[in-house]
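Heads up: the structure comes next, in structure tokens.
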Amino acid sequence: MVVGTGGAGEPEASDSMRTFGAMVQALREHAGLSREQLGEHVRYSKHMVASVEIGRRLPPPDFVERADPVLGDTGVLRKSVPHVVRRPGLARWFREWARLEAEAIALYTYECRVIPGLLQSEAYARTLFGHRLPPLDDEEIEAQWSARAQRQRLLVERAHTAFSFVVEEHQFVRRMGGDEVTRGLIDHVLEMAELRNVEVQIMPLVRDTHAGTDGPTQLLETPENRWYAYNEGQESGQLISDPKVVSVLQRRYARMCAQALSPEDSASLLQRMRGAL
């Protein structure tokens, strides 16, 4: 089965988000604060406070850390926020894949447009968010980065999950964000590649054959040993469960791993590229 969806990048509020927002509102009103006053304490606008209270947006971690002492210092917000189902900034079409991703025992990613989200440094990710069209405001950028940072914890927290990445060399050559951002990005990718459960392979600029010419793709294996694929385009994504289609994508990915530099040679290339900046 192939499921395709599209639409705006901001997902609908979940029941857990609405419940969390109602809790923030109840605590705020009990403390005798207006939305504007709470916003001053947490250093966000009253509009952000309103978005949290109606369940439209999950606040960044610093919002929660600053709000808890002001709203009774009970720790209830800190303890509740990890149980909120929807993470901020995840597009509707990505939510089902993100759910599968969080439980996967293997996750393979080929990306030819930008560095995969799980490997992005904060400065690199913020560069991408800052140049998105239509433009995002500061709060939306914070929400996007919060979602990405939360997803990236998978690499460390799921130590028994095998992560494989095939990344194009030209993504580093482009120097998105400038030399300093690229140096930080390379350092971050090299650091992640040192994890025992993570392999990063670079597809060199010059290659006479390439199995990934149809575009980026992701593959994962569930604890029940079922395989799924996910392909994303502009403002849309496809979750693929048809075994025949997934099998084709698996073969293409395996071929790309053979065509790309080995993990050791990839690390050496990245170190040389960093030294040249």
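The values are calculated or read from the model by the stated rules, or taken from the named source; none is laboratory data. These numbers come from a predicted model, not from an experiment. Please note: Cβ atoms are built from the backbone with ideal geometry, for glycine as well, and neighbour counts cover all protein chains shown. To get the accessible areas, we keep the full protein, side chains included, count just its heavy atoms, and leave off ligands, DNA and RNA. Shrake-Rupley method; radii C 1.70, N 1.55, O 1.52, S 1.80 Å.
Some points to look at:
- Expected-Rg normalisation [2.2 N^0.38 Å, Cα atoms] applied to the range 115-256: 1.11
- Full-extension gain in nm, residue 276 to residue 245, via 0.36 nm per residue minus C-alpha separation: 7.0 nm
- For the range 232-238, the Karplus equation 6.51 cos²θ - 1.76 cosθ + 1.60, evaluated at θ = phi - 60°, returns couplings of 10, x, 6, 6, 6, x, 10 Hz by residue, with Gly and Pro reported as x.
- Among the protein heavy atoms of the chain, carbon and sulfur supply 51% of the accessible surface, probe 1.4 Å, non-protein parts ignored.
- Taken one residue at a time, the phi angles of the range 139-156 give Karplus couplings (6.51, -1.76, 1.60, θ = phi - 60°) of 5, 5, 5, 4, 5, 4, 5, 4, 5, 5, 4, 5, 4, 5, 5, 4, 4, 8 Hz. Gly and Pro are set to x.
- Calculated FRET efficiency for the pair residue 255/residue 157, C-beta based, R₀ 41 Å, to 0.05: 0.85
- Rounded Å value of the spacing that divides the Cα centres of the range 49-84 and the range 201-277: 37 Å
- For the chain, the equivalent ellipsoid built from the Cα gyration tensor has semi-axes of 37, 22, 16 Å, listed from largest to smallest.
- Gain on full stretching of the segment that runs from residue 175 to residue 210 - 0.36 nm per residue minus C-alpha separation: 10.3 nm
- Amide hydrogen neighbours beyond the local backbone of residue 168, cut-off 5 Å, H modeled: 111, 203
- Qualifying GluC sites (Glu not before Pro) in the range 208-250, DSSP loop, other Cβ atoms within 10 Å at most 15: 224, 235
- Accessible area of residue 265 in the full protein assembly, 1.4 Å probe (Å², nearest 10): 80 Å²
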